[in-house]
Amino acid sequence: MIPLEWMPPLMFGGLIFFMLIGFPVAFSLMAAALFFAAIAISEGFFGMPFLQAIPQRIFGSVLANDLLLAIPFFTFMGAILERCGLAEEMLDSMGQLFGGVRGGLGYSVIIVGFILGAITGTVAAQVIAMAMISLPVMMRYGYNMRYATGVLAASGTITQLVPPSLVLIVLADQLKTQSGSADVGSMYLGAWGPSLLQIALFALYTFFLSRIRPDYLPPIPQSDLTLKGWALWKKCLLGIIPSAVLIFLVLGTIMTGIATPTESGAMGAMGALLLAWLRRAHIPHLKGLIQEAYQNTMRITAMVVFILIGSTCFSVVFQGVDGGFWVETLFSDLPGGWIGFLIVVNLFVFFLAFFLDFFEIAFIVVPMLAPVAVKLLSPVLLESMNGNPQAAASAALVWFGVMLCVNMQTSFMHPPFGFALFYLRGVAPKEVKSSDIYWGALPWVGLQLVMVAVVMAFPALVTTFLDKPAAIVQSQDFNFTGEENTSDIPANKVDEDAPVNFQLDKPNK
């Protein structure tokens, strides 16, 4: 006889076991769910009809979810833009613009990484494109190898935080509770503050390093800067203006309420095709590029859907054995209140990121933590949301989601499965040592963790741009006769001629 309270931790242990023996994550989730469902049925924790919830959730919450349609659109847009030559032109023009100062190539990589992150949304494309273009130039002018590899990897992973990030779309879909939910537009608005501050933090680190170790980040000789004056600014604008138009087409329509995320994703995909057609002179095989983009989109979309189906199976069975209550008890009783909760959750997610992809963390862990986050974080934001509990609950989920997004950037940067480092190793010249790539990533991981602490300590960085509706009226007296209430009437005496006072009930908290 297995006690019910043992089932949730045993399910987590079983999931880890299935993944360790080599099962793909999606099928590990399904296998763990069905295995422990059989145990739960045999122990009488729930009956066989309970499993009918699995196909209902799959068809109702996964296959019929319009929000998830945005994922293939944004993936297709990124796949098109990664090879249309836009990154090359922006890196070249920014390198010419900032190259004359110490660390100028680093600044150009950071700025271009931010712009590309806002139009592509894919780490692999960004890291590979920028490394192939910028790393040889940095090596030619004597940049420190660890700084060069670190800034390329870090500026590539910023795309996970800069809207329109796929991570933000997935988190918005998973951060749904009975008290509130985080929509995509709010997640995008909340992510702008941390993403801009993180870019500033990267640039500040480059500035201080150029002052402390000037030999690490030398300037480009003036003789090598071929473009100057209006010719240089014209080349910069030719790269920035199309990007700005596409960013507004995708993000502006969402944040202004003109289009849904799916509709804006479709417009972004069409905009990427138009941009590629306008730049067809720089693309040898435009038809082949589009075909490869379709194939890449199909692979990523299929991966996401299978992981989501597996996580749905796991979640239904987990809730059936009181897993939600177990998680809430586990995290609600932590010392330090909401601060202790955020510290433990961020350490837990940081540890999971060593072994799991951000999709897997989002689909497995986030739905379990969302109810606890609403319970503990809503009171912190209640005053800033004008005392509106529903707005505070939704803002708490946005704050929590953006914080996790900042944290999950590190999953691309640290060993053993730092995919940004793998991409960098794959395109870097042979003379670049793997040790330089790994050691070079550590300072930037530290900067990302600093950003996690900043977002944790200053929620206004996320919630400032969110809608703040008026406070909900708690109670109100209505006197239909217009006469004033008298306070000298005894409480136990009923006056039949007195005016009738109606009082609205207070909502349950």
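Read the figures in this text as sums done on the coordinates, not as results from a lab. Being a predicted model, the structure only gives us computed values, none of them experimental. Cβ placement follows ideal geometry from the backbone for every residue including glycine, while neighbour counts extend to all protein chains displayed.
Rounded to the nearest whole Hz, the Karplus-based 3J(HN,Hα) values (6.51 cos²θ - 1.76 cosθ + 1.60, θ = phi - 60°) of region 68-75 follow the sequence 5, 5, 5, 4, x, 5, 5, 5, with x at glycine and proline. The distance between label points at Val62 and Trp277 comes to 3.7 nm (points 7 Å beyond Cα on the Cα→Cβ vector). Only helices enter this figure: runs of n ≥ 4 DSSP H residues, each worth -39500 (n - 2.57), summed and divided by the residues of the chain, yield -21000 deg cm²/dmol at 222 nm to the nearest 500. Once you order the gyration tensor axes a ≥ b ≥ c over the Cα atoms, which shape class does region 313-368 get: rounded for a/c under 1.5, otherwise prolate or oblate by comparing a/b with b/c? Since a/c reaches 1.5 but b/c is at least a/b, the shape of region 313-368 is classed as oblate. Estimated at 0.36 nm per residue, the fully extended path between Ser434 and Glu263 surpasses their Cα-Cα distance by 57.3 nm. Building the convex hull from the alpha-carbon atoms of region 347-466 and averaging its projection over directions returns 8.2 nm².
Hey, fewest Cβ within 10 Å first, where do Ser210, Ser181, Ser28 land in order? Walk me through the intermediate numbers first.
On the way: Ser210 21, Ser181 18, Ser28 24.
Lowest to highest Cβ neighbour count: Ser181, Ser210, Ser28.
The trypsin sites (Lys or Arg not before Pro) of region 379-440 that DSSP puts in a loop, and whose beta carbon has at most 10 other beta carbons within 10 Å, are Lys430. With respect to the chain, whose longest principal axis is taken over its alpha-carbon atoms, helix 337-352 is tilted by about 40°. Pairs of lysine residues in the chain that meet both criteria, 8 or more places apart or on different chains and Cα atoms under 27 Å apart, total 11.
For region 307-313, the Karplus equation 6.51 cos²θ - 1.76 cosθ + 1.60, evaluated at θ = phi - 60°, returns couplings of 5, 5, 5, x, 5, 5, 4 Hz by residue, with Gly and Pro reported as x.
Loop exposure criterion: GluC sites (Glu not before Pro), DSSP state outside H, G, I, E and B, at most 13 other Cβ atoms within 10 Å. Applied to the chain, the longest stretch between such sites is 1-382.
A simple rule links phi to the HN-Hα coupling: the Karplus curve 6.51 cos²θ - 1.76 cosθ + 1.60 with θ = phi - 60°, which for region 425-439 gives 5, x, 10, 6, x, 5, 6, 7, 6, 5, 4, 5, 5, 6, 5 Hz, with x for Gly and Pro.
Summing Lys and Arg as +1 and Asp and Glu as -1 over all other residues whose Cβ lies under 15 Å from the Cβ of Gly257 gives a net charge of -3.
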